[in-house]
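One structure is given below, encoded as structure tokens.
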Amino acid sequence: MLISARSFDEYRAMFALSDDDLALRVLDCPGGSASFTALAGERGTDAVAVDPQYGAGRAELGELVEREIAHKHAFMTENAAKFVWSWFGDAERYTRLRTEAARTFAADLRARPERYVEGSLPSLPFPERSFDLVLSSHLLFSYGAQLDEAFHLSSLIELARVARRQVRLFPLVHHTSDIRYEPLDRLRKALDGFGVASRIDRVDYAFQPGGDEMLVLECADRGALPTAREGADAHDPVRWRHLGDAAEKPR
């Protein structure tokens, strides 16, 4: 699977993020080398990224991704007809924005390492309802041919477990085609059984043909969810200042 370096502005478009959304506590899962956590943090957003690549060797991640972006540029130029350019404009701008994002990520990783937590679906190292809003892009549904339906369901449940308000997932199509992930309706029905309502929203962003929809999970009124690992609520690798008084604050 590819490690990407999407920009803050891409995230705003992919997930239809408003200024009110950016005032919430936000998790990016998986974060890859995106600059969202860095630039959202500059705005005052309480943002954290989690990714399995944030373990040993993570200091080199930004540089490795930057090399991959440069290598991919020729492919993007030669295959431009396969993509939607309404947001990027052209392959040159695509490469420039992704390179800038990778460099911003690497700088923020050095400056605020505690905001980049090693972890992977379907078992995240955070207590229940740690975040108001959880964002997840280009893993679930995108790699539907590689990740089975059981993995998708357990991962969606885990994302909902750590969310207080919403989970937003983008896109809903396979990464190699414009075909929507086939078991999506079954997954939504299973989530509904846990009290997690869902809807599909169209967003003002696309790079793949057909890839302009996100899945929104409503978590505020959900019931209890199964936990993927023992002791998931035992500790939090990030010291959240809100945990002590979250129950008293209206949302």
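Residues in the range 187-212 that are under 18 Å from the mean Cα position of the chain (by Cα) and surrounded by fewer than 17 Cβ atoms within 10 Å (Cβ to Cβ): Arg199, Ile200, Asp201, Arg202, Asp204.
Here is a yes/no grid of residues against (1) assigned to a helix (DSSP H, G or I); (2) without any contact (Cβ under 8 Å) to a residue 60 or more places away in the chain; (3) aliphatic (A, V, I, L, M); (4) touching a helix residue (DSSP H, G or I) at 6+ places or on another chain (Cβ under 9 Å):
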residue: Gly62; (1), (2), (3), (4): yes, yes, no, yes
residue: Ala70; (1), (2), (3), (4): yes, yes, yes, yes
residue: His73; (1), (2), (3), (4): yes, yes, no, yes
residue: Trp87; (1), (2), (3), (4): no, no, no, yes
residue: Glu92; (1), (2), (3), (4): yes, yes, no, yes
residue: Arg96; (1), (2), (3), (4): yes, yes, no, no
residue: Arg110; (1), (2), (3), (4): yes, yes, no, yes
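Regarding the range 5-24, can at least one residue be identified that is of a type in the set (A, V, I, L, M), open to solvent by less than 70 Å² (accessible area, probe 1.4 Å), touching an Asp or Glu at 6+ places or on another chain (Cβ under 7 Å) and at negative phi?
The initial filter retains those residues of the range 5-24 that are of a type in the set (A, V, I, L, M), namely 5, 13-14, 16-17, 22-24.
Filter again for open to solvent by less than 70 Å² (accessible area, probe 1.4 Å), leaving 5, 13-14, 16-17, 22, 24.
Restricting the remaining residues to those that are touching an Asp or Glu at 6+ places or on another chain (Cβ under 7 Å) gives 13, 16, 24.
From what's left, at negative phi: 13, 24.
Yes: one or more hits.
Taking the range 25-40 as the range and being of a type in the set (D, E, K, R) and open to solvent by 10 Å² or more (accessible area, probe 1.4 Å) as the test, only Arg25 passes. Among all residues of the range 41-53, there is at least one that is open to solvent by less than 20 Å² (accessible area, probe 1.4 Å), closer than 19 Å to Thr104 by Cβ and either at pLDDT below 95 or among the charged types (D, E, K, R) (or both). Restricting attention to the range 148-181, the residues that are touching a Leu at 6+ places or on another chain (Cβ under 8 Å), open to solvent by less than 30 Å² (accessible area, probe 1.4 Å), of a type outside the set (Val, Ile, Thr) and outside any strand (DSSP E or B) total 9. The set of residues from the range 34-60 being among the polar types (S, T, N, Q) and either in contact with a strand residue (DSSP E or B) (Cβ under 6 Å, 6 or more places away or on another chain) or free of Cβ contacts under 8 Å to residues at least 40 places away in the same chain (or both) comprises Thr37, Thr45.
The values are calculated or read from the model by the stated rules, or taken from the named source; none is laboratory data. It should be emphasised that the depicted structure is a prediction, and the values quoted were computed from it without experimental measurement. A quick note on method: Cβ atoms are made from the backbone with ideal geometry, for glycine too, and the neighbour counts reach across all protein chains shown. Heads up: the accessible areas ignore ligands, DNA and RNA and are worked out on the full protein's heavy atoms, side chains in. Shrake-Rupley method; radii C 1.70, N 1.55, O 1.52, S 1.80 Å.
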